[in-house]
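Input: a single structure, listed below in structure tokens.
Rule-based calculations on the coordinates, nothing more; no lab input. These numbers were taken from a predicted model, which means no experiment stands behind them. FYI the Cβ positions are ideal-geometry reconstructions off the backbone, even for glycines, and counts take in every protein chain you see.
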Amino acid sequence: MNHENGQVKGYFSAVNAALTGLDTFLADENSPLYKHALIGQVVTPYIERLMQTFSCWENRIGFVDTFRISRAESGFPAFQNVLELDNDRQAAGKRLNALPSADELRNEMVDFILRHKVFPSALQTRMAERSYLETIQKGDVFSPFILPETVKVSVNPKTGRPYYVVHWGVFDGSQSLPMVYMAVIEDSSEEVGRLLVTSKGELNSNIKIPLPVEGLLNPDLAHRFDDFAEKNSAYSLTPATIIGNLDKDFDVLHPKQLRRFVLGPFYSAGVTEHNSRVSDILAKVRKPENAWMLTWTIQEIVATVERPARRGLWSSSPAVQEFHIDTNDLEAARQGVSFYEKHALVPHDAYQALYASGDADTVFKGFKVHVISGNQIISGV
């Protein structure tokens, strides 16, 4: 997509409005996601990273001619853009040293305008590149893989084991979808148990844990867990497959729950093509900045039973989890989950257009709908 045709500018405006709305929704104390098991607290920083990433991309099109959007799939930028951002971040320091300072560029621009009476487009391009490199150098962008972080530690009173709430982020390459994972994992390693759990089966208050902690809290397994998360987080893998692999790969880690927050698809009038009916209706919305719809899915799988470890003279086997899949729900079975929720966030103007078309029931079938009206978000419409 060439940015000169104006489509990209409208796209960035729509994405920014959608992510700002989602950020507001997630951070709202009355939101079901805010109250529901840390989801709002965990996902919000990833949304803010994504907003920062779009800001970087917007600066980047000031000096790069094309910007690729996954028009027919996710409606988000193509994975190539994510990789380019990651590569540029690693080379940012060197490239910044080769550019004049921001003050020098501003003075050159003023001088050029006074002398030539025309706008210095070449200097503006260099200024855009400088702004872009300075922003990505800070590192708060949505990279292909965002390392795990432990945000909660507690003790399961039934098993006496410590458990962690860990999250990590992935921008899926094949589907161009940003995703956030959250896992609840019990740890039966003896050393960690002795350190974290008192004789009364409570968390040891003498051990000060400065949450959040980078990586899995168990230092012996932290690097292995990072590698596992990076290799087992593709969208093509079902949550059942991922949690099953985790259970098999770590004898002393016992995953009790896995949640996956999949952002997208995103629909934007005049840009995306993955649902022609939705695109046609959004194209009729009066204000282009309101001609969008953002969807997301929360998938969850939980362990119901743990088969205990067996230790014998000739062979032994670690504890194994059994996970609940709702086989009565064909969609849950297809997704490989115990439960799932589909959500849609849409501006009031776009919702009215969809409603007036008579297609609202079809478009929103199976979705929990949230409508933005001014600074308010109305759920359950």
As a test of understanding, state the convex hull volume per residue of segment 3-137 from its alpha carbons, in Å³.
143
Let me know the Rg and Dmax you get for segment 109-254 when you use only its Cα atoms, in Å.
23.1, 80
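Report relative contact order for the chain in percent, whole number only (criteria: Cα-Cα under 8 Å, sequence separation at least 6).
14
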What do you get for trypsin sites (Lys or Arg not before Pro) in segment 276-312 restricted to DSSP loop and a cutoff of at most 13 other Cβ within 10 Å of the site's Cβ?
R286
The alpha-carbon center of segment 168-221 and that of segment 304-381 are separated, in whole Å, by 24
Give the relative contact order (percent, whole number) for segment 163-245; include only Cα pairs under 8 Å separated by 6+ residues.
25
Between K231 and D280, Cβ-based FRET efficiency (R0 41 Å, step 0.05) works out to 0.50
Roughly what % antiparallel, to the nearest 5, for the DSSP beta bridges in the chain?
90
Using alpha carbons only: equivalent-ellipsoid semi-axes of segment 279-381, gyration tensor based, whole Å
46, 13, 10
Column: log10 I(q)/I(0), Debye, Cα scatterers of segment 145-379, q = 0.11, 0.14 Å⁻¹
-0.69, -0.95
Report the chymotrypsin sites (Phe, Trp or Tyr not before Pro) located in segment 298-367 that are in a DSSP loop and have at most 14 other Cβ atoms inside 10 Å of their Cβ, or state none.
W314
Note down the relative contact order for segment 223-381 as a percent, whole number, built from C-alpha pairs under 8 angstrom at least six residues apart.
20
Among the helices of the chain (complete DSSP H runs), which have Cα atoms covering no less than 18 Å along the helix axis and a Kyte-Doolittle mean of at least 0.5?
7-27
